[in-house]
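*Asks:* Here's a structure for you.
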Amino acid sequence: PFSKKDDSEDFSIFRLFWDRLCGDLGDRLEELLSSGEHAKLAGDIAGMYPAVRASAIDMLGRLYDTMQAGSGSLLEDATSSSMGILGGSAALEDTLLPSSFGGVGNTEEDTLVTATSADTWTRADTKSSDGQGRGFLSGGTSTTSLSAIFKSPEWKNLETTGLWPVQQAFLEASRTRLCAPVQFMFPEGVSIDEDGVAIAAKPTLPSRYDMQKLDQSIRAELALADPREGGGDLSMTAMIADVVVDMVEQFCIRAQTAVVDVGDDGCLTVNGRPTDDLLHNLKVANVMNAMATSIKNAPENTFVVPYRPAMSPQNVEAANVCGGSLMPAMLEIESTVKAMILAPLCRALNKRVAAAIAVMHQGAYLEESLVGGGGGSFVEKHLSGLYDDIAEYHLAKLPVDYASYVASTVATYSIYTFVSNASLIRPLGETSRLRITQDLADFELALEQLVFKAGSNMSLTQVDHGKPYAELRAVRQMLFWTGLSNAKKTQSASSIAKSMLREVWVKDVRPSTVFHFLFSFAPKLLSSPHHSKRMRPQDYVQTLIQLDGATEDGEGKAWMTTMACCDSYQQRESVDSGRDGDRRVAAILMMLGPELLRRRRH
């Protein structure tokens with residue numbers, strides 16, 4: 001049937017034999033698993049997959065080692081990656097082949113095919129040609145050999161055709177064992193009123209014992225990939241980990257039904273304490289954290305801890321592979337908790353913070369109110385106690401990872417909101433600037449304490465990659481910028497704008513903060529952004545900063561509002577007497593805006 005020489009060269013009698021063998025094996029296994037008369041044996045057959053897989057890998061490893069041991073120049077070409085482990089038909093002509101496969105005079109240790117008992121076909125041989133163990137953990141098969149086996153067409157055909165039915169049955173059985181307990185978790189709660197009528201109640205949460213049993217089930221399934229525990233091979237680790245990920249997804253779906261949808265306004269009472277519904281949701285977050293902890297520790301507890309201090313590199317590698325495969329489960333838990341529980345809580349807390357910071361517009365930094373000093377700083381009066389309450393009543397009830405997320409979100413929002421509100425204050429005299437600078441130091445200390453009370457090792461300088469903290473420190477320098485006061489009246493707006501762009505603090509401050517700060521030098525005829533929008537300062541700030549601390553969308557809005565203010569001023573500039581403020585501010589803003597936004601984007 002092969003008319004061309006190239007076709008005859010590609011033909012492999014070994015490949016034909018192997019393909020037929022894998023096909024017949026797959027058909028036989030499919031028949032055993034689907035036939036009614038063998039239905040009772042389906043579970044037992046599926047449970048044999050780890051041992052069968054390990055034996056198949058060991059068999060291919062012996063074939064690979066044998067072919068490599070007797071390979072000549074001809075056989076090296078025949079056993080290339082394209083021809084597979086068995087090589088092509090040309091290998092039959094190699095004079096070294098008989099000695100490789102074992103002929104007359106070969107010892108039992110050198111013979112590939114040895115006598116086997118009725119049940120030893122499912123077990124890896126304990127002796128290799130050198131008398132040492134050949135198990136996956138013992139190092140009998142080298143990493144290079146295993147890599148060649150898994151890349152070979154023989155293994156791919158065996159896995160996807162020969163062993164495919166029993167592999168799918170094994171995974172389905174594993175998935176059933178893992179997901180069965182999850183179906184009974186987070187049941188709908190029911191209570192009875194005084195009249196004996198059933199009323200809806202909050203769902204019942206899993207107990208600590210339930211979570212421990214689920215953790216044991218996860219480790220038991222992963223242990224099937226351990227040759228010493230489950231009789232399988234470590235290459236099954238990722239396969240079983242995918243089943244665990246499926247179970248975690250179902251767990252998260254069940255947990256979502258247990259979360260009470262309180263919204264942003266239902267999280268806190270009037271005095272800032274958590275509501276009963278929020279306390280229930282925080283308990284759900286603790287349950288989710290227990291699941292995340294189990295998933296995080298499962299690889300090491302399964303493959304490394306039982307063998308300490310004599311664990312092999314293969315065990316450590318299996319734990320690393322398992323950890324990487326379980327990462328989607330960790331991300332699923334994290335995204336569920338943040339979206340359903342932590343995000344509404346952060347928004348509710350940030351609304352309280354915004355209301356407290358907005359008090360500064362009630363004359364807290366007016367020159368007249370600051371004469372004589374005393375009475376404590378603005379931060380001590382309105383913010384320090386608020387942050388202490390957040391730490392005591394909210395962060396203390398959350399696991400460290402979730403508490404750290406809430407603290408960092410509140411700190412980020414607080415910094416941006418405080419800075420944006422302070423930059424809108426007009427007029428801003430020397431005394432006011434000095435008091436704001438002092439309050440910024442107290443503000444930094446209060447936020448540092450809040451982040452510390454979350455329980456993690458993160459500091460305020462690490463929150464959101466350090467951007468909010470950098471702006472907090474840079475604003476202190478910005479408040480005492482003297483570019484306009486030192487400049488001569490004849491100096492052009494262009495030169496002042498260029499001088500400002502060279503300031504070291506400009507790169508760390510949002511463009512909107514610079515725009516609003518320059519309004520404090522402007523004539524009264526140049527309306528402030530919030531006045532032009534006919535909004536309260538705190539309401540205008542909320543359009544720039546989202547409740548989760550995001551600011552990028554607000555910078556474009558601030559620039560559009562600033563341009564509208566400058567355009568309106570230029571139309572009325574001719575009637576400005578010029579006695580109050582610097583008339584060059586509008587021109588400086590129009591020059592600074594595009595460059596600051598360009599730097600922000602890059």
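*Asks:* Can you compute the FRET efficiency between Arg20 and Tyr209 using 1/(1 + (r/R0)^6), with r the Cβ-Cβ distance and R0 = 60 Å? Round to the nearest 0.05.
*Replies:* Numbers: r = 53 Å, r/R0 = 0.88.
Computed FRET efficiency for Arg20 and Tyr209: 0.70.
*Asks:* Next question. Taking a point 7 angstrom from the Cα of Asp264 along the C-beta vector, which residues in segment 521-562 have backbone N less than 15 Å away?
*Replies:* 538-551, 554
*Asks:* Another one. Between the alpha-carbon centers of segment 469-543 and segment 49-70, tell me the distance in whole angstrom.
*Replies:* 73 Å
*Asks:* I want to check the label-to-label distance for Glu188 and Glu30. Put each point 7 Å from Cα in the C-beta direction and report it in nm to one decimal.
*Replies:* Once both label points are built, they end up 4.2 nm from each other.
*Asks:* Please give me, ordered by residue number, the trypsin sites (Lys or Arg not before Pro) of segment 496-560 that lie in loop per DSSP and have at most 15 other Cβ atoms within 10 Å.
*Replies:* Arg502, Lys524, Arg534
*Asks:* Let me ask something else. Per 0.36 nm of contour for each residue apart, how much would the distance between His531 and Lys507 grow if the chain were fully extended, relative to their Cα-Cα spacing?
*Replies:* Details: separation 24, 0.36 × 24 = 8.64 nm, distance 2.74 nm.
That works out to 5.9 nm of additional length.
*Asks:* Over segment 443-602, with every protein chain in place, what whole percent of the accessible area is carbon and sulfur at 1.4 Å, could you tell me? It would help to have the intermediate numbers written out before the result.
*Replies:* Details: 4100 of 8180 Å².
It is 50 percent, rounded to a whole number.
*Asks:* Next question, about the same structure. Using a 1.4 angstrom probe, figure out how much accessible area segment 265-422 has per residue, in square angstrom, rounded to the nearest whole.
*Replies:* Numbers: 6290 Å² over 158 residues.
About 40 Å² of surface per residue is accessible.
*Asks:* Ok, one more. On full extension of the chain, what length is gained from Glu448 through Glu317, given 0.36 nm per residue of separation minus the C-alpha to C-alpha distance?
*Replies:* Numbers: separation 131, 0.36 × 131 = 47.16 nm, distance 3.93 nm.
Length gained between Glu448 and Glu317: 43.2 nm.
*Asks:* Assuming R0 = 35 Å, can you tell me the calculated FRET efficiency for the pair Lys283 and Gln168, based on Cβ-Cβ distance, to the nearest 0.05?
*Replies:* 0.35
*Asks:* A further question follows. Hey, any idea what % of segment 300-339's accessible area is carbon plus sulfur with a 1.4 Å probe?
*Replies:* Numbers: 1240 of 2030 Å².
Carbon plus sulfur share of accessible area: 61 percent.
*Asks:* In addition: Counting only protein heavy atoms and a 1.4 Å probe, tell me what percentage of segment 191-278's accessible area is made up of carbon and sulfur. Mind showing how you got there, number by number?
*Replies:* Details: 2070 of 4450 Å².
C and S atoms contribute 46 percent here.
*Asks:* Name the long-range amide H neighbours of Leu268: under 5 Å, sequence gap of 5 or more, or other chain; modelled H, no Pro or chain starts.
*Replies:* Amide H neighbours of Leu268, under 5 Å, 5+ apart: Thr275.
*Asks:* For segment 188-336, what does the alpha-carbon gyration tensor say about shape, rounded, prolate or oblate, given a ≥ b ≥ c as the root eigenvalues, a/c under 1.5 as rounded, and a/b over b/c as prolate? The partial results should precede the final answer.
*Replies:* On the way: a/c = 3.10, a/b = 2.39, b/c = 1.30.
Prolate.
*Asks:* Can you give the FRET efficiency for Asp567 and Thr431, using 1/(1 + (r/R0)^6), R0 = 22 Å, r = Cβ-Cβ distance, to the nearest 0.05? List each step's numbers first, then the result.
*Replies:* Details: r = 33 Å, r/R0 = 1.50.
Rounded to the nearest 0.05, the efficiency is 0.10.
*Asks:* Relative contact order for segment 170-264: what percent, with Cα pairs under 8 Å and sequence separation of 6 or more? Mind showing how you got there, number by number?
*Replies:* Numbers: 89 pairs, mean separation 31.1, N = 95.
With pairs under 8 Å counted, the relative contact order is 33 percent.
*Asks:* Sorted by accessible area (1.4 Å probe), largest first, how do Met48, Met458 line up? Before the final figure, lay out the partial values.
*Replies:* Values: Met48 80, Met458 50 Å².
Ranked from most to least accessible, the order is Met48, Met458.
*Asks:* Provide the net charge surrounding Tyr393, with neighbours chosen by a C-beta distance below 12 Å and charges set as Lys +1, Arg +1, Asp -1, Glu -1.
*Replies:* On the way: positive: Arg273, Arg352, Lys397, Lys453; negative: Asp388, Asp389, Glu392.
Charge balance in the 12 Å sphere: +1.
*Asks:* Can you give the accessible area per residue of segment 470-535, in Å², using a 1.4 Å probe?
*Replies:* Here the per-residue accessible area is 47 Å².
*Asks:* Whose amide H sits under 5 Å from the amide H of Gly189, counting only residues 5 or more places off or on another chain, with H placed in the peptide plane?
*Replies:* Ala201, Thr204
*Asks:* Say each of Ser494 and Thr160 gets a label point 7 Å from the Cα, pointing the same way as Cα to Cβ; how far apart are those two points in nm?
*Replies:* Placing both labels 7 Å along Cα→Cβ, they lie 6.8 nm apart.
*Asks:* Same structure again: Grab the Cα-Cα distance for Val359 and Ala339, subtract it from 0.36 nm times how many residues apart they are, and report the gain in nm with one decimal.
*Replies:* That works out to 4.2 nm of additional length.
*Asks:* Now a separate question. Give the lysines reachable from Lys557 as a straight Cα distance under 26 Å; neighbours fewer than 8 places away on the same chain don't count.
*Replies:* Here the lysines satisfying the reach criterion relative to Lys557 are Lys351, Lys467, Lys498, Lys507, Lys524, Lys533.
*Asks:* Right, here's the next one. Please check which bits of segment 521-548 a label hung off Leu597 would reach, taking the label as a point 7 Å along Cα-to-C-beta and the cut-off as backbone N under 20 Å.
*Replies:* In segment 521-548, the label zone of Leu597 (backbone N under 20 Å from the point 7 Å along Cα→Cβ) covers 527-534, 540-546.
*Asks:* State, to one decimal in nm, how far the label point of Asn271 lies from the label point of Phe480, with both points 7 Å from Cα in the Cβ direction.
*Replies:* 4.2 nm
*Asks:* Another question, then. Given a 1.4 angstrom probe, what's the average accessible area per residue across segment 15-68, in square angstrom?
*Replies:* On the way: 2840 Å² over 54 residues.
Using a 1.4 Å probe on heavy atoms only, each residue of segment 15-68 averages 53 Å².
The values are calculated or read from the model by the stated rules, or taken from the named source; none is laboratory data. In this text, all values refer to a predicted model and were calculated from it rather than measured experimentally. Please note: Cβ atoms are built from the backbone with ideal geometry, for glycine as well, and neighbour counts cover all protein chains shown. Side chains are part of the model used for accessible areas, which takes the heavy atoms of the whole protein and leaves out ligands, DNA and RNA. Shrake-Rupley method; radii C 1.70, N 1.55, O 1.52, S 1.80 Å.
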